[in-house]
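The values are calculated or read from the model by the stated rules, or taken from the named source; none is laboratory data. In this text the structure is predicted, and so the values were computed from the model without any measurement. Quick reminder, even Gly has a Cβ in these numbers, built from the backbone with ideal geometry, and neighbours come from all protein chains shown.
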Amino acid sequence: MIKKISEKVEKYIHTAVPSSSLVLYRVLFGILMLISTLRFIYLGWIEEQYIAPQYHFTYYGFEFVKPYSPEFIYALFGGLILTALCIMLGFFYRVAVILFFLLFTYVELIDKTYYLNHYYFVSVISLILCFLPANVKFSLDSLLRKRIYSDYVPKYSVDILKCMIAIVYIYAGIAKINSEWLLNGMPLSIWLPAQDDFPFIGSLFRERWVAYLFSWMGMLFDCTIPFSLMWKKSRIFAFTAVIIFHGITGYFFQIGVFPLVMTLSVIIFFDSAVHEKILRLFLWKNTSSTKTDYPPKIYKPIPIVLAFILIAQLIIPWRYLLYTGNRFWTEEGYRFGWRVMLMEKSGSATFYVKDRKTGKEGIVVNSEFLNRHQEKQMSMQPDMIVQFAHFLAKYYEKRGVNMPSVRAEVYATLNGRPSRLLIDSTVDLTQCNDDFSEKKWILDYKD
């Protein structure tokens, strides 16, 4: 039995498919990342997000990731532009995609208040691309080094991208299978009425049943779209649905380039002949006197590494099961789980710093240290609340406060319900840690 499985795996690893699918994905990925980076710079977000704030909320275990200076940050983004361009052109591709992954992920690790699912998706995809031969065709590399040219690549190099896209959709759909989304129509019951100026049908968005319709359709779309894309007979209809779905969500909710990223990503589900035609639109004729009928040499560790990445992506979203309580309230194990727009949550946080020697206590003005976005995100996420408390303790200790203790009164509202205390306001947050352990000082959410 084990021998048969091993033989099938070995056969699969050495199965070849046309390289056009992988090559087109590389080109589109490079174009999107180039446009996205230039857009980020144009909108002035480098200064606003990474240079102006006095404090940044780092991820546990990545406290060393900091925006050390304005010059350093601009150098990071300059590197992203250069590497994205090289990925698109397939020029020194392997070096470019590795550097892009490192630079992009570094930028995203600087401040978790800016966490977005599509940023995480880009990091994961760029990591996967580090191990794929996406430059064997329609690339400067294959023109300069004809020996790497190939009309074929290993089948797993295309399949893993399809699997990763399927994971994003299916896990997003599974996350929507909850009472708030399906039975209460939340948070769409809050969001849709604000879109009542939409042409022709805007008035319908004030009707509660429309929120329920959108909620159920969204869940069904996410859960089924990968399978519809895999089936050739339904593929064109599924792709049309993708365009409509992401077009509507992008228009309504202003979620950046995520709709475009996902729309272009699913093109990989089409046949390689379609990809070949799209590549020809770039008016780039790749010629070689050494066309091969087989994929490049396969290094055995690569399929193992890719399998590990895929397994990790299947497991990580379930880590929230290690925690008790309402995951929307505590947000423990919430990130990196492809939970897209599942709740409407806001909060307000007032911090009190106390001098243990004199007993005097003062109120902190959060805006002195954080920009508006950081303060908004921090005020409803417990891990950021405790991080900010530790920062305040160190800050005021340097200014003469003796062994400062920090507590916070944090009120949060979830999906339109009345606000309530999020954490125990009597706890000295300097004695609490931001780690993977369960935060017992978060108050229970009973509804």
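Look at (1) of a type outside the set (Asp, Glu); (2) surrounded by 20 or more Cβ atoms within 10 Å (Cβ to Cβ); (3) closer than 19 Å to Leu76 by Cα; (4) touching an Asp or Glu at 6+ places or on another chain (Cβ under 8 Å) and you find that Lys137 fails only one, number (3).
Scanning the stretch 317-334 for residues that are closer than 18 Å to Tyr169 by Cβ and surrounded by 18 or more Cβ atoms within 10 Å (Cβ to Cβ) yields a single hit, Pro317. Across the stretch 217-254, the number of residues qualifying as touching a Gly at 6+ places or on another chain (Cβ under 9 Å) and under 17 Å from Ile174 (Cα atoms) comes to 8. Of the residues making up the stretch 351-365, those that are in contact with a strand residue (DSSP E or B) (Cβ under 8 Å, 6 or more places away or on another chain) and either surrounded by 15 or more Cβ atoms within 10 Å (Cβ to Cβ) or more than 26 Å from Gln377 (Cβ to Cβ) (or both) are Phe351, Tyr352, Val353, Lys354, Asp355, Arg356, Lys360, Val364. For the stretch 120-129, the criterion of being without any contact (Cβ under 8 Å) to a residue 12 or more places away in the chain, surrounded by fewer than 21 Cβ atoms within 10 Å (Cβ to Cβ) and in the same structural domain as Leu22 (by TED's automatic domain parsing) is met by none of the residues. Entry remark, the stretch 346-370: residues being under 21 Å from Phe253 (Cβ atoms) and either among the hydroxyl-bearing types (Ser, Thr, Tyr) or touching a helix residue (DSSP H, G or I) at 6+ places or on another chain (Cβ under 7 Å) (or both) number 1 in total.
Considering only residues in the stretch 397-447 that are of a type in the set (Phe, Trp, Tyr) and under 25 Å from Leu322 (Cβ atoms), the one that is nearest to the chain's Cα centre (by Cα) turns out to be Phe436. Number of residues in the stretch 366-394 that are basic (Lys, Arg) and surrounded by 23 or more Cβ atoms within 10 Å (Cβ to Cβ): the value is 0.
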